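Here's the structure we're looking at; comments come further down.
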Amino acid sequence: MNIGEAARQSGVSAKRIRHYEAIGLLPASARSESGYRRYDAAAVDTLRFVERARRLGFALDEIQQLLTLWSDRSRASADVKALTLRHIDALDERIAELTAMRAQLVRLADNCHGDDRPDCPILDEMAPASSGEPGRREHCIAEGGFRS
């Protein structure tokens with residue numbers, strides 16, 4: 001099948017298929033006499049596998065490791081589980097970071113008057129200390145518009 005049909009069957013865009021080939025996640029495809037890429041059912045299965053792993057948040061190097069394990073029928077499932085547990089740990093860390101970011105943004109939004117005044121604790125929080133407007137943060141705090 002051609003790249004368009006492989007894309008349709010796998011749910012992976014033709015552009016991404018070419019990218020996966022370029023970085024080695026997908027073996028180089030066979031070529032027709034006219035030079036067009038040709039794919040078989042095994043390539044489509046690999047593309048589906050890669051796309052599922054990608055949707056689960058695995059990095060490309062982790063996906064490569066998973067592909068290697070998937071193709072090795074003598075693999076130990078402990079290796080797959082260890083890789084997955086490391087990924088879960090990384091996700092937990094990222095979730096904690098995002099939760100902290102969200103809490104900070106909620107705090108900033110709650111302390112912003114949201115009116116016509118120019119004072120804004122959200123911008124004050126992001127501005128470097130040497131932003132050229134000394135005292136804006138302190139002014140906002142003094143008026144009760146920002147609390148740490």
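The values are calculated or read from the model by the stated rules, or taken from the named source; none is laboratory data. All of these numbers come straight from a predicted model, not from anything done at the bench. Because the Cβ atoms are built from the backbone with ideal geometry, glycine has one as well, and the counts that use them run over all protein chains shown.
Here are a few things to note about the model shown:
- Test: residue in region 72-82 that is touching a Leu at 6+ places or on another chain (Cβ under 9 Å), surrounded by 10 or more Cβ atoms within 10 Å (Cβ to Cβ) and in a helix (DSSP H, G or I): yes
- Pair list, Cβ under 8 Å, 6 or more apart: region 70-99 residue farther than 17 Å from residue 53 by Cβ and in the same structural domain as residue 25 (by TED's automatic domain parsing), other residue of a type in the set (A, V, I, L, M) and not in a helix (DSSP H, G or I): none
- Failed item, numbered, when residue 66 is tested on (1) in the same structural domain as residue 7 (by TED's automatic domain parsing); (2) surrounded by 13 or more Cβ atoms within 10 Å (Cβ to Cβ): (1)
- Note on region 49-81: residues that are within 18 Å of the chain's Cα centre (by Cα) and of a type in the set (D, E, K, R) amount to 6.
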